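Reading through the C-alpha cells given below for one structure.
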C-alpha cells in the first residue's frame with residue numbers, strides 16, 4: 001500500500017504541479033496567438049499600403065482599366081511568401097530564434113503586398129465582412145481544437161490529403177476554366193481549412209509538451225505554430241471573400 005496516496009500534502013504538491021503545467025500551456029498558446037494576430041495585423045497594414053500608396057501600387061501592379069496585372073516586382077512579391085515558408089520549414093533547426101522571428105515578420109508583410117490586389121477586385125466593406133466571418137469560424141474551431149479530448153490526428157491527415165487534392169484540382173482548372181469546378185473547390189477548401197484550424201491547434205499543444213523545458217525550442221515551435229494557424233486563417237479568408245465579397249463595378 002502506498003501511504004503517500006492518503007497524504008494531503010501529496011495531493012497538494014501534485015495539484016500544484018498540474019496547475020503550473022497548465023499555466024505554462026496557456027502562456028505558450030497565448031504566445032502563439034499573439035504571433036498570429038500580430039502577423040495578421042502586419043499583413044493588413046501592408047495590404048492597405050500597397051493598395052492606397054501610389055508609388056507602391058505602381059511598383060507591384062499594372063492597372064489597365066478593370067484589369068489588374070503584375071509588374072516584375074509584383075510577380076516576385078506573389079511567390080516570395082512561398083519561398084519564406086519553405087525557408088522557415090527546412091531551416092528551422094539551423095536558424096536562431098531571432099532569425100526565425102525576422103523571417104516570420106518579413107513573410108507576413110510580403111503576404112500583405114501579395115493580397116493587396118483584393119482591394120482592387122472587391123469592395124472594402126465586403127472584405128471587412130469576410131474578415132469577421134472568418135474570425136468567427138476560425139476562433140470557434142481553434143477553441144474546439146484546444147479543449148476537445150478527441151484525437152484529431154487521423155482527421156488531420158485526411159484533411160491534408162484533401163488539401164493536396166484541391167491544389168491539384170485548382171491547377172487543372174486553370175486550363176479548364178470551369179466555374180462549377182471552381183465553386184466545388186471553394187466549398188471543399190472552406191471545409192478543409194476549417195477542420196485544419198482545429199487539428200493545427202491541437203497539434204500546437206503537442207509541440208508544447210514536446211519542447212517543455214527548452215526555451216529556444218519552445219520559442220521556435222511557437223512561431224511555427226503561429227505560421228500554421230496564420231495560413232489556415234488566410235486561406236479561409238480568401239475563400240470567404242469569394243463567397244461573400246462584392247466585386248467592384
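Each reported figure results from applying straightforward, stated rules to the coordinates on display, with no laboratory input. Bear in mind that the values here come from a model prediction, so they are computed numbers and not experimental data. Backbone-built Cβ (ideal geometry, glycine too); neighbour counts: all protein chains shown.
Quick look at the numbers
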read-out: Stokes-Einstein translational diffusion, segment 54-186 - Kirkwood Rh over all Cα pairs, 1.002 mPa s, 20 °C, in µm²/s; value: 117
read-out: Using a Förster distance of 25 Å, the FRET efficiency for residue 123-residue 70 (Cβ separation, nearest 0.05); value: 0.70
read-out: GNM result for the chain, Cα springs below 10 Å: residue of 171, 136, 160 fluctuating most strongly; value: 171
read-out: Helix 215-244 vs. the chain, principal-axis angle (Cα, 0 to 90°, nearest 10); value: 40
read-out: Unit Cα scatterers, Debye sum, segment 119-249: log10 I(q)/I(0) for q = 0.18, 0.19 Å⁻¹; value: -1.03, -1.10
read-out: Angle in degrees between helix 153-176 and the longest Cα principal axis of the chain, rounded to the nearest 10; value: 10
read-out: Degrees separating the helix 97-115 axis from the principal Cα axis of the chain, which is the longest one; value: 30
read-out: Which of 48, 33 has the fewest Cβ neighbours within 10 Å, and the rest in rising order; value: 48, 33
read-out: Of 218, 59, 39, the one that fluctuates the most in a GNM where the chain has Cα springs shorter than 10 Å; value: 59
read-out: Burial ordering of 29, 141, 176, fewest other beta-carbon atoms within 10 Å first; value: 176, 29, 141
read-out: GNM flexibility winner over the chain from 178, 140, 114 (Cα, springs under 10 Å); value: 178
read-out: Simple spin-label estimate for residue 243 and residue 157 in nanometres, 7 Å along Cα-Cβ; value: 2.8
read-out: Cα Rg, Dmax (largest Cα-Cα span) when computed across the chain, Å; value: 21.3, 84
read-out: Helical contribution to [θ] at 222 nm, DSSP H n ≥ 4, -39,500 (n - 2.57), averaged over the chain, rounded to 500; value: -29000 deg cm²/dmol
